[in-house]
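Below: one structure, written as structure tokens.
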Amino acid sequence: MSNTALFWSLVFAIVGIGTTIAYCSGIMNGIRGIQRAPFVAPDWLVIALPPVLFVHQALALFLTLRQNVYTTNGRMVRMWTWAFQIVLFLLLSFLPYFVFHSMPVGAYIVSTFAAAVALGATILTYRQTVGGGVLMTILFAVTTVVMIYLGYWAFA
């Protein structure tokens, strides 16, 4: 597969499908509909967060998959990278359902798993490419901030 086809396939699959799933959760109403929110973030920030995270994930995976793999260890790392990226995609896609259907403890649990999987995916990505690792570090940092916010919301 050419780099261009790989890039657009990943962007369509991760950004397109992930954003569609996230936007079907009720996120378009903004954070003001959430009961007992610790603080109210601007609606544009809440609405823009999923596509930004998915773009980071798609670009990191693209940079990772462009690297050639020649060893058995490299193939194992690539396989685990795929596994972590798929789980991270699913967690980030369905997290807004818990948030915007007023399930704070569920949202916190899903975001905690997402942060843990993002950390694992970041480590695996760094083993293959530094550029992808930097993008995954940003995704991990944002996911961690969201986890802290949701933890405060769930247990405050």
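Considering all projection directions equally, how large on average is the shadow of the alpha-carbon convex hull of segment 65-127, in square nanometres?
Dividing the Cα hull surface by four gives the mean projection, 4.3 nm².
Would you mind giving the average projected area, over all directions, of the Cα convex hull of the chain in nm² with one decimal?
Result: 8.7 nm².
Among the chymotrypsin sites (Phe, Trp or Tyr not before Pro) in segment 41-128, which ones are in a DSSP loop with at most 15 other Cβ atoms within 10 Å of the Cβ? Mind listing them?
In loop regions of segment 41-128 (DSSP not H, G, I, E or B), the sparsely surrounded chymotrypsin sites (Phe, Trp or Tyr not before Pro) are Y70.
Taking the 0 to 90 degree range and rounding to the nearest ten, how far is the long axis of helix 43-65 tilted relative to the main principal axis of the chain, both from C-alpha atoms?
10 degrees
Calculate for the chain the 222 nm mean residue ellipticity that helices alone would give, adding -39,500 (n - 2.57) per DSSP H run of length 4 or more and normalising by residue count, nearest 500 deg cm²/dmol.
Using -39500 (n - 2.57) per qualifying helix, the result is -25000 deg cm²/dmol.
Each reported figure results from applying straightforward, stated rules to the coordinates on display, with no laboratory input. What you are looking at is a predicted structure, and each value in this text was computed from that prediction instead of being measured. Cβ coordinates were reconstructed from backbone atoms using ideal geometry, including for glycine residues, and neighbour counts include every protein chain displayed.
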